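Every number here is computed from the coordinates shown, using simple stated rules; none is lab data. Here the structure is a predicted model, which means the values were calculated and not measured. A quick note on method: Cβ atoms are made from the backbone with ideal geometry, for glycine too, and the neighbour counts reach across all protein chains shown.
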Amino acid sequence: MKQQEFLNIVLPFRDKMYRLARRILVSTDEAEDAVQEVLLKLWKGKERMSNYKNPEAFAMTMTKNYCLDRLKSKQAGHLKIVHSNYQSPHARLQDQVEANDGVRMVFEIMETLPEQQKMIIQLRDVEQYEFDEIAEILGMKPTAIRVALSRARKAVREALIKKYNYGVS
């Protein structure tokens, strides 16, 4: 496989790999490093790339596994998940502030979810993957993905209601 063929296959989903890495790791630098490492591994195994039914799912799985391994490593004791702020150039200032607060609050709540639910909600609701693709990436059954996603959404919804009601039920 030539370099251009490889780039044509991999470049369309490189940003998704980065967003997943950013969701799992602490900083943009860590996420960029993770994506570079995964791309390097994919390049080294480029001859086997045609054997994969879904190269994107394979790359996303590699990214997830690399990031989780990175979190488990001793050097990564300082890593935690963060999110960049949402911005809408057309919103009024008040709307923009409210949207930023709401999005920030949702992502803060997502941080409290169990790791598996966090990845599922990221892949489904942020990255817009189909259930079968998520199942392939995470090595789970689509039914288990749906259950975990439902529980994650319910936890986020309940936490938002609690925050917006200032803890008053």
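Per the Debye calculation on the stretch 3-76 with a single equal scatterer at every Cα and no solvent contribution, log₁₀ I(q)/I(0) for q = 0.11, 0.18, 0.19 Å⁻¹ amounts to -0.25, -0.65, -0.72.
Placing pseudo-labels 7 Å out from each Cα toward the beta carbon at Gln3 and Lys41 gives an inter-label distance of 2.3 nm. Packing order of peptides 156-162, 62-68, highest average first: 62-68, 156-162 (average count of other Cβ atoms within 10 Å over each peptide's residues).
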